[in-house]
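Notes follow once the structure below has been shown.
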Amino acid sequence: MEKLGKMFSIAVCMMLLAVSSSFCGEIDILVKKLMKKGVLEPGEAQQILTETNEQQRKQLAKGELDGLPGWVQKLELKGDFRLRHQWDDEITYERVRYRLRFRLKGEAEVTKGVKTSFGLCTGGTDPRSTNQTLENSFETKGIWLDYAYVDYAAGKMVSLAGGKIPIGTVIWIPSDLLWDGDITLEGGLVKISNNDFYINTAALIIDEIKTESNDPMLYLIQPVVNIKVGDIGLKLAAAYYNFAGVKKNSLDHTRGTNTTVSGNLKYDYDSLGAGMELSTGKLYFPKVAVFGEGISTFDPDDGNIGYLAGLKFGDSKISSAGQWEFKGMFRTLERDSWLDIFPDSDSYGGDTAVQGFEVVWTYGLGKNMTLGFDYYNMKKLKTGDNEQKKLLQSDLVFKF
């Protein structure tokens, strides 16, 4: 009789599971009560709960979970929060700031092959910063649209995207020599991929000037190849940047370090870039990699070269307590090697005509928690050490 009652209880649980996962709470309660009374063994109870959760996941993925609107089931959210202590050693003074950054990211499948993504963040109108400084008598902090775009998988090899798009989606960047990681580009992207080879092509809008028809634009093509032999990985990329409407214009957020004539840019900054990363896991550390990036503009005769060389080692991914990574880089960015509206804003404020090194150490405090230190020592090219700037950022990051 006891065996019959046990079989009946299991059958009831499985019927509830089959009918609808909206009863998952009731199933949990029932299973726990039956286990306490000795009707179910712990292993049997766990199996029922596992199958319930699996059924929920399947229905959630299809947007068919009872009791929840379809858009809630399709929307995936994640984000991070960062607390920062920042010390700046400027040319004539020192400055200490406490800063924060909050980012919320969402992604939803509209229909098969079509996804929309968005990001909200702290920051302001500066495209190279999502930080908010703690100041001004506890004033509230603004939340801005960081990015929003649609992505369409047109086939096995082709995908299209349009809108305001994170830099890493449009261009593979092994470093922040040319592009600050906070920048989100605006325009359209076509990506063609075939196994370990892909090509990024994009038409990007820099500005819209109502009094002119020749608006500043950037046209990009970047072939990228990924080669893996055993435990050794090599990633190589070349990039051609074609700027239109830049020469004889003045761009927003300029640092004023490019060559100008009567306040307008002298050159058009068409350029050829290259990037690489060579990594292995067979050395003393879980991962060791050397990486680099270079750029050369066509128009000016001198001051047209930029390059970065770096080394990193430690854990390949920091996902739990005790894992860590160290990274060191040396960079040179000559005056007209690149537009000064794009480079890393922490490297001498984002100026060109600079040179120096950066070291970064990141340590895992626990799952989704890291502690990091980022130190820059930069100086102006051909002006001596009297124009040297140092920067130290200490970060606590929490991901969710």
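The values are calculated or read from the model by the stated rules, or taken from the named source; none is laboratory data. All figures in this text were calculated on a predicted structure; none of them were measured in a lab. Glycine also receives a Cβ, built like all others from the backbone with ideal geometry; neighbour counts cover every protein chain displayed.
Being on the phi > 0 side of the Ramachandran plot, in contact with a strand residue (DSSP E or B) (Cβ under 8 Å, 6 or more places away or on another chain) and not assigned by TED's automatic domain parsing to the domain that holds residue 329 narrows it down to one residue among 123, 163; which is it?
So the residue among 123, 163 that is on the phi > 0 side of the Ramachandran plot, in contact with a strand residue (DSSP E or B) (Cβ under 8 Å, 6 or more places away or on another chain) and not assigned by TED's automatic domain parsing to the domain that holds residue 329 is 123.
For residues that are within 19 Å of residue 104 (Cα to Cα) and in contact with an Asp or Glu (Cβ under 7 Å, 6 or more places away or on another chain), tally how many sit in region 128-161.
Total satisfying the criteria: 3.
With respect to residue 354, is the statement that it is of a type in the set (Val, Ile, Thr) and either farther than 20 Å from residue 335 by Cβ or in contact with a Pro (Cβ under 7 Å, 6 or more places away or on another chain) (or both) true?
Against the criterion (of a type in the set (Val, Ile, Thr) and either farther than 20 Å from residue 335 by Cβ or in contact with a Pro (Cβ under 7 Å, 6 or more places away or on another chain) (or both)), residue 354 does not qualify.
Using beta carbons and a limit of 6 Å, which pairs, at least six apart or on different chains, have the first residue in region 225-236 and small (Gly, Ala, Ser) and the second one assigned to a strand (DSSP E or B) and surrounded by 12 or more Cβ atoms within 10 Å (Cβ to Cβ)?
So the pair list comes out as 233/279.
Which pairs do you get when a residue that is acidic (Asp, Glu), found in region 178-205, comes within reach of a residue that is in a strand (DSSP E or B) and surrounded by fewer than 20 Cβ atoms within 10 Å (Cβ to Cβ), reach meaning Cβ atoms under 7 angstrom, with the pair 6+ apart or on two chains?
186/164; 186/204; 186/205; 196/225; 196/226; 196/227
Of the numbered conditions (1) touching a residue at least 40 places away in the same chain (Cβ under 8 Å); (2) surrounded by fewer than 20 Cβ atoms within 10 Å (Cβ to Cβ); (3) in contact with a strand residue (DSSP E or B) (Cβ under 7 Å, 6 or more places away or on another chain), residue 222 fails exactly one; give the number of that condition.
The single condition residue 222 does not satisfy is (2).
Return the only residue of 347, 320 being within 20 Å of the chain's Cα centre (by Cα) and within 24 Å of residue 86 (Cα to Cα).
Being within 20 Å of the chain's Cα centre (by Cα) and within 24 Å of residue 86 (Cα to Cα) holds for just one of 347, 320, which is 347.
Just checking, does region 287-295 include any residue being in contact (Cβ under 8 Å) with a residue 40 or more places away in the chain and out of contact with any strand residue (DSSP E or B) (no Cβ under 6 Å at 6 or more places or on another chain)?
No: zero hits.
Could you check residue 165 against (1) outside any strand (DSSP E or B); (2) under 27 Å from residue 337 (Cβ atoms); (3) of a type outside the set (Gly, Ala, Ser) and say which number it fails?
For residue 165, the failing item is (1).
Restricting to region 196-211, name every residue that is among the hydroxyl-bearing types (Ser, Thr, Tyr) and touching a Leu at 6+ places or on another chain (Cβ under 9 Å).
Answer for region 196-211, where residues must be among the hydroxyl-bearing types (Ser, Thr, Tyr) and touching a Leu at 6+ places or on another chain (Cβ under 9 Å): just 201.
Which of (1) of a type outside the set (D, E, K, R); (2) within 27 Å of residue 343 (Cα to Cα); (3) at pLDDT 95 or above is the odd one out, the single condition residue 136 does not satisfy?
(2)
Among the residues of region 363-374, is any assigned to a strand (DSSP E or B) and polar (S, T, N, Q)?
Scanning region 363-374 turns up at least one residue that is assigned to a strand (DSSP E or B) and polar (S, T, N, Q).
Hey, could you check region 277-328 for residues that are out of contact with any Lys or Arg (no Cβ under 9 Å at 6 or more places or on another chain) and assigned to a strand (DSSP E or B) and say which is farthest from residue 350 (Cα to Cα)?
Taking the candidates together, the pick is 324.
Please go through region 297-329 and give me each residue that is under 24 Å from residue 286 (Cβ atoms) and in contact with a Leu (Cβ under 7 Å, 6 or more places away or on another chain), ordered by number.
308, 321, 328, 329
Can you spot a residue in region 95-103 that is at pLDDT below 95 and of a type outside the set (Gly, Ala, Ser)?
no
Could you please let me know if residue 90 is assigned by TED's automatic domain parsing to the domain that holds residue 237, surrounded by fewer than 14 Cβ atoms within 10 Å (Cβ to Cβ), in contact with a Lys or Arg (Cβ under 7 Å, 6 or more places away or on another chain) and not aromatic (Phe, Trp, Tyr)?
Criteria met by residue 90.
For region 152-197, enumerate the residues that are among the aromatic types (Phe, Trp, Tyr) and surrounded by 17 or more Cβ atoms within 10 Å (Cβ to Cβ).
Once the filter is applied, which keeps residues that are among the aromatic types (Phe, Trp, Tyr) and surrounded by 17 or more Cβ atoms within 10 Å (Cβ to Cβ), region 152-197 yields 172, 179.
Quick one: which of 345, 337, 319, 262 is modelled with pLDDT of 95 or more, polar (S, T, N, Q) and touching a strand residue (DSSP E or B) at 6+ places or on another chain (Cβ under 8 Å)?
337
Say we look at region 96-126 and pick out the residues that are free of Cβ contacts under 8 Å to residues at least 24 places away in the same chain and either outside any strand (DSSP E or B) or in contact with a Pro (Cβ under 7 Å, 6 or more places away or on another chain) (or both); which of these is surrounded by the fewest Cβ atoms within 10 Å (Cβ to Cβ)?
Among residues in region 96-126 that are free of Cβ contacts under 8 Å to residues at least 24 places away in the same chain and either outside any strand (DSSP E or B) or in contact with a Pro (Cβ under 7 Å, 6 or more places away or on another chain) (or both), the one surrounded by the fewest Cβ atoms within 10 Å (Cβ to Cβ) is 112.
Is at least one residue of region 313-334 crowded, with 19+ Cβ neighbours inside 10 Å, in contact (Cβ under 8 Å) with a residue 24 or more places away in the chain, over 18 Å from residue 392 (Cβ atoms) and among the β-branched types (Val, Ile, Thr)?
Scanning region 313-334 turns up at least one residue that is crowded, with 19+ Cβ neighbours inside 10 Å, in contact (Cβ under 8 Å) with a residue 24 or more places away in the chain, over 18 Å from residue 392 (Cβ atoms) and among the β-branched types (Val, Ile, Thr).
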